[in-house]
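Worksheet: one structure, shown below.
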Amino acid sequence: MNDTSAQPTRRIPITGYFARIFTGFVSLLKGLKITFHYLSHPSTVVTQQYPENRATLKMAERLRAQLTMIHDDNGYHKCTACHICEQACPNASIHVAERAKPALSKTELDTFIWRLDSCTFCNLCVMVCPFQVLQMKSTFESSVYDQRLLIYNLSRYAGPTSTVLAKQADDEARKNAVEPRSVYDGPTALNGFFLAGIPKELLVTLDRKGEV
Amino acid sequence: MFNSLPNLQVSWEVISVSQRVSTTYGESPILAVVYALAAIVAIILFMSLTAMTLVYTERKVAAHFQCRLGPMRVGWHGILQSIADTLKLLLKEDIVPDQADKAMHLFAPVLCVLAALLALIAIPFSPYLAVSDMNIGVLFISAVSGLGVLGILLGGWSSNNKWSLLGAMRAGAQIISYELSATLSILVVVMFSGSMKFSEIVQSQDQGWWIWRAPVVGLVAFLIFLVASTAEINRTPFDLAEGESELTAGFHTEYSGMRFAFFFLAEYLNLFIVSSMGATLFLGGWMPLHIGNLTFFNQVMDLIPPGLWFALKVSGFIFLSMWFRWTFPRLRVDQLMKLEWKVLLPIGFINLLLAAILTLSGFYFFPGNS
Ligand code: SF4
Ligand code: SF4
C-alpha cells in the first residue's frame, strides 16, 4: 500500500486498487483484534482505584515525587555542602546552608532546604551530586493546605559527612561533632534564605511537625 | 417486474401505534388522545433513556478498549454516572457567544434532535411496536436524518467562530457525500425485498437475513452501509466535524449546558437510528433467526420475543460502531473524500447493478419455502 502511494505519478493498476482495499481492510481487522483483546481481558486494565487501594498501592520505582537525602544506618549522610546541586537546579529549588562553625571539616552542611513547590522533578540535582547523596522517592501524597509546608529540610543533622565521622575515635566524639537538624525537631532554620512571597518572621517559626 | 419475488408469509400481524390510535378514535376520541399522549411521553422517555444508556456504555466500552476502567465512582461501577452528568448539564449556565446569531444558535441543536426524533417514528421495534409503519419508511428515514446536517451547519454558522464554521462545513461535505453510498446500499435491500415498508422488509427476511440471503451483494452492501452510516453520524474514524485535535470541538465549540446536551442527545439517537436501520435492513430486524429447514432450531428461536431480537441486533450493531470508534484513527479530509468518491461509490454502483440482475433472475438463497 505504501510503495504505490509513494509514487503519485505512477498509475495504479486496477489490481492495485483492489489490493489496496484488501490490505487496508486486513490492517483494520488487525487493529480491531487488538482492541478486542483489551476489552475481553480485564486484566489488561492499568487504572489504579486510588485511594481505595491505598494500602496496597505500589508506585513505580522510577517515579520522581519527592527528593530525599540518603542517610546510612547510623543516621549519617555524605553531603559535603559542595553546592553543586544548588547550582545545577534550574529553578533555585535547593538551598544548601553551611554550618557557621564547622566542627571537623572545612565545610559542613547545616540544613539542606528543598522547595517542592518550585521543583520540576527534573532529577538534575540527583545526577550531579558527586557523592550520590540525593535520591528521588515515589511518595507522592505531598499536598498540604499551606504553601510554606512545601519547604523541606532534608538533612537530619548539622555536621560533617559520615566518612569524616567514621574516623572519629568513639561515639562520644561523633556526638559532639553533630547537632540535630531534623524535620521532626521543630522549626527549620533557614539561615536568612529568602523565599519569595513569604515573610521572614514566618519562616523562622515554621513548624513542620509530621511532614515528610 | 417483481413477479419472482416470494409471497410474503404473513405469520406476524403487524400493527403500529398510529394505526391503533386511529382505530380507537372511532370508538372513543378521548381515549385515543390519551393513548397518543402516552405514546409521546413514552417516546421522550425512551429517547433520553437510550441516550443515557448509550453514553454510559460508550464510556465503559471505550475505557476497556484503552486499558482503563471508565466511570467507577457514582453507583456500582459508575452506573449512575449518566444521571449525574445529565443533572449537571441541566443546571449549567447557558452561555451564548456575544457575536452569535442568537435565534439560530438556539434553533440548531433543537433541529438536530428534531431530525432524530422524526426518524424514530419509522423504526420498527417489534411487530406491535412502531410509531408508524408507512409505506415509504426507508425513504422517510433517509430523508429525515439528512435534516440533522442542517442543524450542524446552522450551529457552526450561528456560533460566529471559525472553528465551528470549519467543522460544520466539513460535516456538510461529509454527510452529503456519504449519503449517496448509504442510499445505494439500502437500495440493494429495497430491490430484493421489493418494498420500502419496514414491516415488509422485515417479513421478507423470514427465511434468512439479506446480509447472506442475497449472495455476496448483500454482504458488500452491508459493509458499504456500515462505513457510510458511520460517516453519516460523524463518528470516529469520520469525526472530522468535531476533530478536537485541530478544531477544538468543531461545530459545537461554542455550545455548553443544555444546548450542548441536545447535540449530544442527537448524536446518540442517530447512532441508535443508524444501528436500527442496519439491523432492520440487513439483519432481519425483529425477525427471529431462522435457518433453512431446521424446524426445531427455528421453533426455539421463535420463543425469543421479536422485540428482544431487535434489541439484540441493534446492540450488536452499536457495539460494532463503538469498537470502530475506539480502534481507528481519524481520517484526513482528502482521505475521507477519496474513500467515498473513489472507493465506496464505484463499488456501490457495481453492487447495485449486480443486485438488480440477481433480483430479476430470482437468484438468491432460500427462495423455495417462501
Ligand atoms: S529535581 Fe530539578 S528542579 Fe527539583 S530540586 Fe532537583 S534540580 Fe531542582
Ligand atoms: S547534596 Fe551532593 S551536590 Fe548537593 S551539596 Fe551535598 S554533596 Fe554537594
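At 7 Å along Cα-to-Cβ for each site, give me the label-to-label distance between residue B:34 and residue A:45 in nm.
Simple spin-label model gives 4.8 nm for this pair.
Take the alpha carbon atoms of the stretch B:24-58, find their center, do the same for the stretch B:306-358, and report the distance between the two centers in whole angstrom.
So the two Cα centres are separated by 30 Å.
Tell me which of B:118, B:271, B:77 sits at the most positive position along the dipole axis of chain B, charges placed on C-beta atoms (Lys, Arg +1; Asp, Glu -1).
Among B:118, B:271, B:77, the one farthest towards the positive end of the dipole of chain B is B:77.
In the stretch B:63-102, what residues drop by 50 Å² or more of accessible area when the other protein chains are put back, versus the chain on its own? Use 1.4 Å, and skip ligands and nucleic acids.
Output list: B:64, B:65, B:67, B:69, B:73.
Indicate the gyration tensor shape class of chain B (rounded, prolate or oblate), computed on the Cα atoms with a ≥ b ≥ c the square roots of the eigenvalues: a/c under 1.5 is rounded; otherwise a/b larger than b/c is prolate and the rest oblate. Please list the in-between numbers first.
Details: a/c = 1.71, a/b = 1.36, b/c = 1.26.
Note, shape of chain B comes out prolate.
Given a 1.4 Å probe, how much area per residue of the stretch A:56-173 is accessible, in Å²?
That works out to 55 Å² per residue.
Given axes a ≥ b ≥ c from the Cα gyration tensor, I'd like to know whether the stretch B:137-178 is rounded (a/c under 1.5), prolate (a/b larger than b/c) or oblate.
Since a/c reaches 1.5 but b/c is at least a/b, the shape of the stretch B:137-178 is classed as oblate.
Do any residues of the stretch B:323-367 show a loss of at least 30 square angstrom of accessible area between the isolated chain and the full protein assembly, using a 1.4 Å probe, and if so which?
When all protein chains are present, B:323, B:327, B:328, B:343, B:347 each give up 30 Å² or more of accessible surface.
How big a patch of accessible area, both sides summed and in Å² to the nearest 100, lies buried between A and B at a 1.4 Å probe?
The summed interface area works out to 1700 Å².
Averaged over peptide A:32-38, how many Cβ atoms belonging to another chain are found within 10 Å of each residue's Cβ?
Mean partner-chain Cβ count within 10 Å for A:32-38: 5.
Using only Cα atoms, tell me the angle between helix B:217-232 and the longest principal axis of chain B; keep it within 0 to 90° and round to the nearest 10.
Roughly 20 degrees, rounded to the nearest 10.
Measure off, as a whole percent, the carbon and sulfur share of the 1.4 Å-probe accessible area of chain B, all protein chains present.
Answer for chain B is 73 percent, counting heavy atoms of protein chains only.
At a probe size of 1.4 Å, how large is the accessible area of residue A:50, to the nearest 10 Å²?
Only protein atoms counted, so the area is about 80 Å².
What stretch of chain B, leaving out the sites themselves, is the longest with no GluC sites (Glu not before Pro) in a DSSP loop having at most 11 other Cβ atoms within 10 Å?
B:94-370
Considering amide H positions built from the backbone, and no H for Pro or chain starts, which residues 5 or more places from residue A:111, or on another chain, come under 5 Å of its amide H?
Under 5 Å from the amide H of residue A:111: A:97.
With every protein chain kept in place and ligands, DNA and RNA left out, what is the accessible area per residue of chain B? Probe 1.4 Å, answer in Å².
Accessible area per residue, chain B: 45 Å².
Taking the 0 to 90 degree range and rounding to the nearest ten, how far is the long axis of helix B:148-158 tilted relative to the main principal axis of chain B, both from C-alpha atoms?
Taking Cα atoms only, the helix is inclined about 10 degrees.
For residue B:74 and residue B:342, what does the FRET efficiency come to when R0 = 51 Å and r is the distance between their Cβ atoms, rounded to the nearest 0.05?
Working: r = 47 Å, r/R0 = 0.91.
Step by step, r from the Cβ atoms, then E = 0.65.
Treating the beta-carbon of each Lys and Arg as +1 and of each Asp and Glu as -1, no other charges, what is the dipole magnitude of the stretch B:17-369 about its Cα centre, to the nearest 20 debye?
Dipole magnitude for the stretch B:17-369 comes out near 540 debye.
Give me the dipole magnitude in Debye, nearest 20, for the protein assembly as shown about the Cα centre, with unit charges on the beta carbon: positive for Lys and Arg, negative for Asp and Glu.
Rounded to the nearest 20 debye, it is 1100 debye.
Can you tally the net charge around residue A:65? Count Lys and Arg as +1, Asp and Glu as -1, for every other residue whose Cβ sits under 10 Å from the Cβ of residue A:65.
Once positives and negatives cancel, what remains is +1.
Please give the helix B:29-65 orientation as an angle from the longest Cα principal axis of chain B, in degrees from 0 to 90, rounded to the nearest 10.
Between the helix axis and the principal axis of chain B, the angle is about 70 degrees.
The values are calculated or read from the model by the stated rules, or taken from the named source; none is laboratory data. Since we're looking at a predicted model, the values are computed, not measured. Glycine also receives a Cβ, built like all others from the backbone with ideal geometry; neighbour counts cover every protein chain displayed. When the accessible area is computed, the model is the full protein with side chains, heavy atoms only, and any ligands, DNA or RNA have been set aside. Shrake-Rupley method; radii C 1.70, N 1.55, O 1.52, S 1.80 Å.
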